[in-house]
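Below: the structure, in structure tokens.
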Amino acid sequence: MSSSEAATTRRAVLLGACATLGACTFRPLLLATGDEGVRGELEAISITGLDGRLGQLVRNALLDDLNPTGVEVPSRYILEVELQRSAQALGIQLDNVITRFNLELTARFQLLDSTNGELLYQSQVDRIASYNVSLQPYATLAAEIDAERRIAREVGDNIGTLLAVHFARQATPT
């Protein structure tokens, strides 16, 4: 196949792909069209119920997802989040020494209307992160803190995605 035939074939494939993608109904989830888009709804969420170090990590992840620019918007919604953390020994040697832990974080959350307290949406997110236990206590502590950071980021990202999908479904005409 000559180079001109290959170029023609590539153009035909590219044109066909563009035509196919143009016919699909894909649209960005966070497409902002002024204040009425999903982004505007997410920015109007106030977060409550996240206490402690792990709660603060989840709150920061949520703020990064819900309002990444930090724009001041009047609160129309309240997001109540309850966290439950547990750790299970995963790797146990023959001499009963634990070598690995699974850290599980469960977040139950509710989205409420801030004017009347009406429940608009509720769900739950479960995530697991693992870390190794070392003979050095500080190394184990550092690994556990890193696992908490990772799991908090995942939980925050997942809650943000679920809320964005909720608002996108509300905006979609049926």
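Over the Cα atoms of the range 33-171, Rg to Rh with Kirkwood Rh, two decimal places? Don't skip to the answer; put the middle values down first.
Details: Rg = 17.8 Å, Rh = 16.3 Å.
Using only Cα positions, Rg/Rh for the range 33-171 is 1.09.
Rg and Dmax over the alpha-carbon atoms of the range 124-171 stand at 15.6, 54 Å.
Quick check: net charge around I47, other residues with Cβ under 10 Å of its Cβ, Lys/Arg +1 and Asp/Glu -1? Walk me through the numbers before you get to the answer.
Working: positive: R59; negative: E80.
Neighbour charge sum, excluding I47 itself: 0.
Taking 0.36 nm per residue of sequence separation and removing the Cα-Cα distance, the I145/V13 pair yields an extension gain of 42.6 nm. Listed peptides 145-157, 88-100 appear in the order 145-157, 88-100 once ranked by packing, highest mean of other Cβ atoms within 10 Å at the front.
Report the net charge of residues surrounding L112, where surrounding means a beta-carbon distance below 15 angstrom and charges are Lys +1, Arg +1, Asp -1, Glu -1. Kindly include the intermediate steps, with their values, before the conclusion.
Values: positive: R76, R108; negative: E41, E80, E82, D113, E118.
Taking every other residue near L112 into account, the sum is -3.
Applying 1/(1 + (r/R0)^6) with R0 = 45 Å to the Cβ-Cβ distance of N96 and V165 gives a FRET efficiency near 0.50.
First measure r as the distance between the Cβ atoms of R85 and L120, then evaluate 1/(1 + (r/R0)^6) with R0 = 25 Å and state the FRET efficiency to the nearest 0.05.
0.40
Just so you know, all these numbers are worked out from the coordinates, no wet-lab data involved. Since the structure is predicted, the reported quantities are computational estimates derived from the model, not experimental observations. We place every Cβ from the backbone using ideal geometry, glycine too, and count neighbours over all the protein chains shown.
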